[in-house]
Every structure is written in structure tokens, then in C-alpha cells.
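Everything on this sheet refers to the single structure shown next.
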Amino acid sequence: DQQVKQNSPSLSVQEGRISILNCDYTNSMFDYFLWYKKYPAEGPTFLISISSIKDKNEDGRFTVFLNKSAKHLSLHIVPSQPGDSAVYFCAASAVNTGNQFYFGTGTSLTVIP
Amino acid sequence: KAGVTQTPRYLIKTRGQQVTLSCSPISGHRSVSWYQQTPGQGLQFLFEYFSETQRNKGNFPGRFSGRQFSNSRSEMNVSTLELGDSALYLCASSGRTVGGETQYFGPGTRLLVL
């Protein structure tokens, strides 16, 4: 039962443009959401997170938006750079799941120079 | 602070053998989680240990087991290896950040079962 879904396996964007990665979840109890970036043969690197009490969190070029009513979050990267090319995972957790995190299947982003 | 470390980085085993992977969390982190990553499957949660106790468990067979030591270091064991166990095994330790717990990952152990 995939509680966190990333329906786009891949995305290509021109350098300098905006990259939008999407994530949907089914469990309304999730209250904390994270995005990770992963290069091949490396572990995921934490990028940015958002608590359910917020609808937006920004960190430099990265902004995460949360729409609780739609159970949807998105990661915006502006402007996109070739070094952003990687697989991006979204993850969710809830207080009542202890420390268990639920991950999506990832979206492979390619930024074209 | 030093990051999460995992050893070994690469392993080749044959079917039927068993393997033990090791993870050292970030200093001060008491929670360690293990994941299996295979192509197209994302990160599949194996289990989580906190203060030497298994706190959460994913849907993997009993061949997959783990433990955590008093210094928070953790080991994962897979017995009777199958070809399908070939994967990247990731360990993550958890720390508190503004807003909630965040998991920080190690580089992973790439296991190949022949």
C-alpha cells in the first residue's frame, strides 16, 4: 500500500527554468513532509521539509508547497541548474507512526544545459 | 558532526549465504532506520531501532533482521540470500530539526547476490 506517490517517474527541464516535482499522499494523519535528492550510488540528501501547520517553506532556490485538502505537495526549483539533475524523493511521517517515514518512488529530474 | 557511515560499501555474495551490514549514526542520534532500494521501487522500509529496541518494522520476511547496540550503532543481517536481495541498502539516523524529525542517510551498501 503506497501511501506516498510520485506519479511522474521522470522530468526534463531547460536550465534556468522552473522545475516542479509533485507528490501525493493518502494518509491524512501525516504531519511532516520532506524532500530528498539522490545521486547514483549515494544516499539521499535531505533538501527541505514542511510541517502541516504551514503551506509553504522556502530555502534558497527550493520551495515546498503543501495543499492539505488535496493531500498534495510540490517542490519548486528556481532557477534549475544542471547540478540539480538527480532523483528526488518525497517522504511523509506522522506523530502516530513513531518515526516511520514513508517514501515515494522518486522522480528523476534532468536539467538540460 | 560526522555523517552517517555504512560498511562495507560493496558486497558480493552467493545465494544461500548470509550477510551483515553495519551503520554508525550521527553522534547523538538514537534512532536508526534501514531501507532497501531497488530500481523502480523507491525506498522500502525495513525496520527502525531506537534505544536498542525495534520500534517499527516493514513488510519484509524474517530473513531480514537487525539490532542496535548501546552506542546506537546498528547492524542488519540477511540470511539465506536470494537473487532478489540484490539492492542498495540504506541506513538513516534521525535528529530533531525545526518542524520535526529528519532522517539523514548514509552512502549505502551495494549488495550483489550471484
Query raised in the report: Hey, fewest Cβ within 10 Å first, where do B:Thr5, A:Thr105 land in order?
Result: B:Thr5, A:Thr105
**Report entry** Two-decimal ratio, chain B, of alpha-carbon radius of gyration to 2.2 N^0.38 Å
**Finding:** 1.02
Report summary line: Going from the fewest other Cβ atoms within 10 Å to the most, one would list A:Phe65, B:Phe47, A:Phe33 as A:Phe65, B:Phe47, A:Phe33
Query raised in the report: Hey, what did chain B get for relative contact order, percent, Cα under 8 Å, at least 6 apart?
Result: 35
Requested in this report: Order by neighbour count: B:Glu48, B:Glu82, B:Glu75, fewest other Cβ atoms within 10 Å first, most last.
Outcome: B:Glu82, B:Glu75, B:Glu48
**Report entry** Directionally averaged projected area (convex hull, Cα atoms, region A:4-112), nm²
**Finding:** 6.4
**Report entry** Additional length obtainable on full extension of the chain from A:Ser51 to A:Thr26, 0.36 nm per residue less Cα span
**Finding:** 7.4 nm
**Report entry** Potential extension, A:Val95-A:Gln3 segment - 0.36 nm per residue separation minus Cα distance
**Finding:** 31.6 nm
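Here, each number is a calculation from the coordinates, and none is a lab measurement. If you're wondering where the values come from, they're calculated on a predicted model, not measured in any experiment. Don't worry about glycine lacking a Cβ; one is built from the backbone with ideal geometry, like all the others, and counts go over all protein chains shown.
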